[in-house]
1. In the range 128-149, which residues are surrounded by 13 or more Cβ atoms within 10 Å (Cβ to Cβ) and at pLDDT 90 or above?
2. Only one of (1) out of contact with any Pro (no Cβ under 8 Å at 6 or more places or on another chain); (2) modelled with pLDDT of 95 or more; (3) among the aliphatic types (A, V, I, L, M) fails for Leu26. Which number is that?
3. Among what's in the range 7-31 and is in contact with a helix residue (DSSP H, G or I) (Cβ under 7 Å, 6 or more places away or on another chain) and not in a strand (DSSP E or B), pick the residue that is farthest from Ala126 (Cα to Cα).
4. All but one of (1) under 16 Å from Ser75 (Cα atoms); (2) exposed (fewer than 13 other Cβ atoms within 10 Å of the Cβ); (3) modelled with pLDDT of 95 or more hold for Glu7; which doesn't?
5. Could you tell me whether Gln143 is within 14 Å of the chain's Cα centre (by Cα) and more than 19 Å from Val69 (Cα to Cα)?
6. Can you give me the number of residues within the range 86-113 that are at positive phi and in contact with a Ser or Thr (Cβ under 9 Å, 6 or more places away or on another chain)?
7. Counting only residues that are modelled with pLDDT of 80 or more and surrounded by 19 or more Cβ atoms within 10 Å (Cβ to Cβ), give me the helices (runs of 4 or more DSSP H) lying completely in the range 37-127 with at least 3 of them.
8. Scan the range 10-30 for residues that are under 17 Å from Ser75 (Cβ atoms) and surrounded by 15 or more Cβ atoms within 10 Å (Cβ to Cβ) and report the count.
Amino acid sequence: MLQVGQEAPDFTLTGAAAGTIETHGLSEYTDRRWSVILVFYPFDFHPACTDQWCSLRDADWLTLLEDVVVLGIGSDGAYAHREYADAHNIQFPILSDSGGQVSRSYGVLTEEFDGHRDVPSRATFAVGPDRVVRFAWQARGPQEQPDLDALKGAVDQ
């Protein structure tokens, strides 16, 4: 897994955002001098993933920051992501890493999870405008959630 202080690999993926299917990339935001919160997760509609997304959705501080974007990265397709986002009122772009290349580059690809191959584990990164990782967290169990106060502190740097 990437660690704090390492450079975050760039990527461009297709996904769902505000009901539409479009592409998003890391440098699209860092080139504007924005911070990016990357949320890796294995599956839409998985209970632990839904808990994590709803915690982020409900984090008021995220809606107050103009130069921070949250990008979800999951193994499901863009159309499944759109349905998931609609079902849970998630306004952040959720991107499809169905081949696992981006998850692999961040060191969070799991070879097998509940009978599925090559899916991301639940992990969260904060990447600064300089594309350096400022926060890195990976779940060790289904109930564990990232420390949102530490995430906020990393974004505020």
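The values are calculated or read from the model by the stated rules, or taken from the named source; none is laboratory data. Source: prediction; values computed, not measured. Here the Cβ positions follow ideal geometry from the backbone for every residue, glycine too, while neighbour counts run over all protein chains shown.
1. Scanning the range 128-149 gives Gly128, Pro129, Arg131, Val132, Val133, Arg134, Phe135, Ala136, Trp137, Gln138.
2. (1)
3. If we filter the range 7-31 for residues that are in contact with a helix residue (DSSP H, G or I) (Cβ under 7 Å, 6 or more places away or on another chain), which is where we start, we get 8-11, 13-16, 19, 21.
Within this subset, residues satisfying the condition of being not in a strand (DSSP E or B) are 8-11, 19.
Details: Ala8: 9, Pro9: 13, Asp10: 14, Phe11: 15, Gly19: 25 Å.
The qualifying residue farthest from Ala126 (Cα to Cα) is Gly19.
4. That leaves (1) as the condition not met.
5. Working: within 14 Å of the chain's Cα centre (by Cα): no; more than 19 Å from Val69 (Cα to Cα): yes.
Judged against the criteria, Gln143 is not a match.
6. Residues of the range 86-113 at positive phi: 89, 100, 107.
If we keep only those that are in contact with a Ser or Thr (Cβ under 9 Å, 6 or more places away or on another chain) too, we end up with 100.
Matching residues across the range 86-113 total 1.
7. Values: elements: 47-57, 60-64, 78-88, 101-105.
By residue number, 78-88.
8. 6
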